[in-house]
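Have a look at the structure below, then the notes.
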Amino acid sequence: MSEAAAAKGAGPFSAFERLVAWRYLRSRRKETVISVIALISFVGIMLGVATLIIVMAVMNGFRTELLTRILGINGHLVIQPMDRPLDDYNDVVKRIEGVEGVRYAVSLVEGQVLASGRVGAGTGALVRGISADDLGKIALVADNLNQGSLTGYATGEGVAIGQRMAQNLGLVLGDTITLISPDGDITPFGTTPRVKGYPVTAIFEIGMSEYDANIVFMPIAEAQLYFNQEGIAQSIEVFVDNPDEIDAIRPAIEEATGRQIFTVDWRQRNRTFFSALEVERNVMFMILTLIVLVAALNIISGLIMLVKDKGHDIAILRTMGATSGAVLRIFFMTGAAIGVAGTLAGVALGVVVCLNVESIRQFFSWLSGTALFNPELYFLSQLPARMDSGETISVVIMALVLSFIATIFPAWRAAKLDPVEALRYE
């Protein structure tokens, strides 16, 4: 009995069917066009899957890094007084820190100033008056000091500035930064700007350009004097253990303050920004899915051409005893093999790129002579990538499903081919 006849009663995806499907995938001289289309389909699916994985990983990394830095330096809940000035801020802070779920709370005095350094250029800056103990609690700053320490800061003799601000103003450790505030002293000739110089005792680099270039940390006692807020804090920022559960802990915090207050949480302060990131991420996913869809359509065209070219072979298989189901499975396996191989190769390529995305960025920056992913535009100093296992699995399933669906029509067309008609026209 022949192999084809033996395959008549064989189960799904028998050895004979796999053998024929593999022979159809192999390149032959007279089937060059079909082989090229199969190769294009394979490369298309590989690049589509890899691109989806890379873009989603970069978008996730971008959001995670921004969220980490924004929440690392800004409180999860900001409290501002309503009925009277916050002159009892130390007592309020102690009561808030006694609430379960609160990591710590810090009191602040803030104000906008013009900062200038040795090079004579000026830049706008945000002065944040905060005690040395409270600044030490903010790990994103305390653990990322490039130069100096908080020792001089604790004595109230100096300020801490970001690395980018130091570069822009030509400052190094020990230099004097001059701060100019429009809200100065009142004189018979009107309000005069307040100008004062402070030694730079620490330089930090958070990794977010907006903060590294614009924030000046000043001892709270000195900030109160500088902004005419003696004995008063403008706000209290509360850091909690789980930022996503801020709504659950918010009533207890408000009750602990013991006064009329206005509160705003991190989601309200950054709603527009993170909503825009989410929309961009979803749109990119839909657009890049079209790459995989186009590659799946290439599978259809390649298989249709293969069925047309193999009409005589199909007729012979049918006359030798192969069922229409066997023929359908042969061509289904042929197309599915392209989809599976392309998907697996795409996952491997995507993982490799994600693990080395920053090195790749630096290489292309060096090659082109331009700054790719400019920190001034994209906030972060490095290109982040964070793969999510659930998203990666979703991309793989989506690519496989599209590939399998693409093989159904050509395989069905091959199974319905009339062997008599095929042999007649041969």
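The values are calculated or read from the model by the stated rules, or taken from the named source; none is laboratory data. All of these numbers come straight from a predicted model, not from anything done at the bench. Please note: Cβ atoms are built from the backbone with ideal geometry, for glycine as well, and neighbour counts cover all protein chains shown.
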Worksheet item: Within the range 363-370, is there a residue that is closer than 21 Å to N282 by Cα, modelled with pLDDT of 75 or more and surrounded by 12 or more Cβ atoms within 10 Å (Cβ to Cβ)?
Response: no
Fill in: Residues being without any contact (Cβ under 8 Å) to a residue 40 or more places away in the chain and among the basic types (K, R) - total across the range 254-285
2
Discussion item. So for the range 133-142 (the condition being closer than 13 Å to S116 by Cα, in contact (Cβ under 8 Å) with a residue 24 or more places away in the chain and not charged (D, E, K, R)), does at least one residue qualify?
Written reply: no
Item to complete: Only residues in the range 154-174 that are of a type in the set (V, I, T) count as the first member; pair them with residues that are assigned to a loop (DSSP other than H, G, I, E, B), Cβ under 9 angstrom, at least 6 apart or cross-chain, and list the lot.
Response: T155/P219; V159/P219; I161/L171; V172/R118
Practice prompt. Return yes when I300 is in contact (Cβ under 8 Å) with a residue 40 or more places away in the chain, more than 26 Å from the chain's Cα centre (by Cα) and buried (at least 17 other Cβ atoms within 10 Å of the Cβ) and no when it is not.
Written response: yes
Worksheet item: For the range 123-153, what are the residues that are assigned to a loop (DSSP other than H, G, I, E, B) and out of contact with any helix residue (DSSP H, G or I) (no Cβ under 7 Å at 6 or more places or on another chain)?
Response: D143, N144, S149
Discussion item. When you scan the range 154-164, do you find a residue that is part of a strand (DSSP E or B), within 30 Å of the chain's Cα centre (by Cα) and surrounded by fewer than 21 Cβ atoms within 10 Å (Cβ to Cβ), even just one?
Written reply: no
Practice prompt. Give the residues of the range 200-249 that are more than 21 Å from G122 (Cβ to Cβ) and in a loop (DSSP other than H, G, I, E, B), sorted by residue number.
Written response: E205, I206, G207, P219, N228, Q229, E230, G231, I232, Q234, D241, N242
Fill in: Qualifying residue in the range 87-106 (condition: more than 30 Å from I316 (Cβ to Cβ), at pLDDT below 85, outside any helix (DSSP H, G or I) and over 28 Å from the mean Cα position of the chain (by Cα))
no
Discussion item. Here is a check on your reading of the model: is G117 farther than 30 Å from V240 by Cβ and surrounded by fewer than 16 Cβ atoms within 10 Å (Cβ to Cβ)?
Written reply: no
Worksheet item: Which one of these is hydrophobic (A, V, I, L, M, F, W, C), in a helix (DSSP H, G or I) and at pLDDT below 85: L317, L349?
Response: L317
